[in-house]
Amino acid sequence: MDDEDIFNYLDKIQDNDMTYESGRILGSMCTIPDPIGLEAYKKFIITNLGDPGLFKGTTQLESEVISMIGELLHLKVAYGHIVTGGTEANITAMCSALYKFKEENPKLKPEIILPRSAHFSFNKIIKMLSLKPVYVDLTDNYHIDTTQLEELINENTMVIVAIAGTTELGYVDDINVISEIAYKHNIPLHVDAAFGGFVIPFLNNIQNHEILFDFKCRGVTSITIDPHKMGLAPIQCGGIIFRNKEDLDLLSIKTPYLTHDFQTTIVGTRSGASTAAIWTLLKHYGMDGYTRIVENVMNITRYTYENLKKIEDVCVRDYELNLLSFNVKSMDVNSLKEELLKYGWSVSVSEIPHAIRLVIMPHIKKEHIDEFIVDLKKIIK
Ligand code: 0PR
């Protein structure tokens, strides 16, 4: 094929994709990446962090990024990696916890304590690593029931997982209380802040009460945090941060013929593009810039909440981050989703609770919400 035909075909294919710019993607945790991050991403796309001796500059950039994210999460010295996303970050943390457990308890069968609100990446992990899942109940308000947690701990407990910004509701578990329980029993506590990691630190700047979720809580041993969600980074930008160097070192595998002797990542060959994008965005926005972004999405979230509340048939749940969940009394959730799609709106459906889920990402503007509310009212009538 000649170049023109190739690109004509690619354009045609892309016409079938939805765009964030349309404001119609209401159920995604990704958004339009900031152009400055994209520029840095492209600049480093051919680098390979899998061979650090060849790319010493890019490798240095990764350690700078890990320090910067560590600082955001109140950790003086941070260890970790930029990875492809929340799934890889969670796998990395669970592998480390498993290797530690196996070293100390070679004969025991490892159990992972987690809530039903955990992202489905944990189902992949449970299968891959042959772990026994032990589910901690959720309260009526969909948070980990901390009163039940301690009863579930036994000699087989390998790790506790808590969520800072659940996928379905955007709720933050009571990490401080969970952290004290984990600390007391000397069990690793992994916090999945894939979504909340780039929201909560900035929300804490604009609201009176501080949401504790990070390494300030002494029992937290590792955190997943994804710049490709609320960090405005392009896709394939995830992060895994460990409090202790030993926990990262547990993942170390010899790489005899490379320029470096060992690797502590799951992926081998991996581009430095994500690292460059995240470094650039953190420097470009800083605390103030990200705080403005979070303030803006929280304002739109409140605006949406208030407008949904005004509709008689709608029950909208309280929100903690920029995620909303609602039901319509007279309509089942799946039919409502289908009807909304006919009007061009892509929303998602959550399982617990069974409801319509809206993620108010930075590409959602007030005018999109106004149009959405008009269409929703038409459907309900
Ligand atoms: N942990 C939490 C709390 C998550 O919400 C997610 C993804 C992950 C881990 C896994 O992250 P990766 O998908 O980066 O591996 N949550 C979103 C979800 O499942 C992912 C997503 C994003 C889905 C954009 C669709 C979409 O359009 O809803």
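In the structure shown, do any of LYS102/LYS245; LYS43/LYS254; LYS124/LYS254; LYS127/LYS216; LYS76/LYS124 have a Cα-Cα gap over 20 Å, and if so which? Checking Cα-Cα distances, LYS43/LYS254; LYS124/LYS254; LYS127/LYS216; LYS76/LYS124 exceed 20 Å. Extension gain, ASP313 to ASN48: 0.36 nm times the residue separation minus the Cα-Cα distance gives 90.0 nm. Once the Cβ-Cβ distance between HIS284 and ARG218 is put in as r, and R0 is 35 Å, what FRET efficiency do you end up with, to the nearest 0.05? Once the sixth-power term is evaluated, E becomes 0.60. Scaled to the globular estimate 2.2 N^0.38 Å, the Cα spread of region 283-364, given as radius of gyration, is 1.23.
Modelled spin-label separation between GLU351 and GLU180, with each label point placed 7 Å from Cα along the Cα-to-Cβ direction: 3.2 nm.
In this simple spin-label model, placing a label point 7 Å from the Cα along the Cα-to-Cβ direction at both THR147 and TYR99 gives a separation of 4.0 nm. Dividing the convex hull volume of the alpha carbon atoms of region 198-319 by its residue count gives 158 Å³ per residue. With the cut-off at under 14 Å, measuring from each backbone N in region 81-96 to a point 7 Å along the Cα-to-Cβ line of ILE235 picks out 84-87. Note on SER252 and MET1: with the Förster distance fixed at 56 Å, the Cβ-Cβ geometry gives a FRET efficiency of about 0.80. When Rg and Dmax are taken over the Cα atoms of region 142-182, they come to 10.8, 32 Å.
Given in Å, the Rg to one decimal and the Dmax to the nearest whole number for the Cα atoms of region 35-284 are 17.7, 55.
Note that the chain presents 47 Å² accessible area per residue, ligands and nucleic acids not counted, probe 1.4 Å. Sorting TRP345, TRP279 by accessible area puts them as TRP279, TRP345; the probe is 1.4 Å, largest comes first, and only protein heavy atoms count.
Sorted on the mean count of surrounding Cβ atoms within 10 Å across their residues, most packed first, peptides 201-214, 219-232 read 219-232, 201-214. For the chain, the antiparallel share of DSSP beta bridges with both residues in that region comes to about 55%. All other residues whose Cβ lies under 11 angstrom from that of ASN176 are scored, Lys and Arg at +1 and Asp and Glu at -1, for a net of -3. Annotation: peptides 155-165, 299-309, ranked by per-residue average of other Cβ atoms within 10 Å with the highest first, follow the order 155-165, 299-309.
Give me the percent of the accessible area of region 231-344 that comes from carbon and sulfur atoms, probe 1.4 Å, all protein chains in place.
On region 231-344, the fraction of accessible area on carbon and sulfur atoms equals 51 percent.
If I take R0 = 41 Å and measure r between the Cβ atoms of VAL77 and ARG302 in this structure, what FRET efficiency does the formula 1/(1 + (r/R0)^6) give, to the nearest 0.05? Computed FRET efficiency for VAL77 and ARG302 comes out at 0.60. With the dipole of the chain worked out from charges on the C-beta (+1 for Lys and Arg, -1 for Asp and Glu) around the Cα centre, which of ILE356, GLY219, ILE13 lies farthest toward the positive end? It is GLY219, whose Cα lies furthest towards the positive end. For a 18 Å ceiling on Cα separation, which of these pairs sit above it: LYS109/LYS132; LYS329/LYS377; LYS342/LYS378; LYS107/LYS184; LYS229/LYS309? Going by Cα-Cα distance, LYS107/LYS184; LYS229/LYS309 fall outside the 18 Å limit.
If the chain linking GLU210 and ASP261 were pulled fully straight, counting 0.36 nm for each residue of separation and taking away their Cα-Cα distance, it would gain 14.1 nm.
Qualifying GluC sites (Glu not before Pro) in region 319-363, where qualification requires a DSSP coil assignment and no more than 16 other C-beta atoms within 10 Å, comprise GLU351.
The values are calculated or read from the model by the stated rules, or taken from the named source; none is laboratory data. On a predicted model such as this, the values are computed, not experimentally measured, just so you know. Methodologically, a virtual Cβ is constructed for each residue, glycine included, from the backbone with ideal geometry; neighbour enumeration extends over all protein chains shown. Keep in mind that these areas ignore ligands, DNA and RNA; they rest on the heavy atoms of the full protein, side chains included. Shrake-Rupley method; radii C 1.70, N 1.55, O 1.52, S 1.80 Å.
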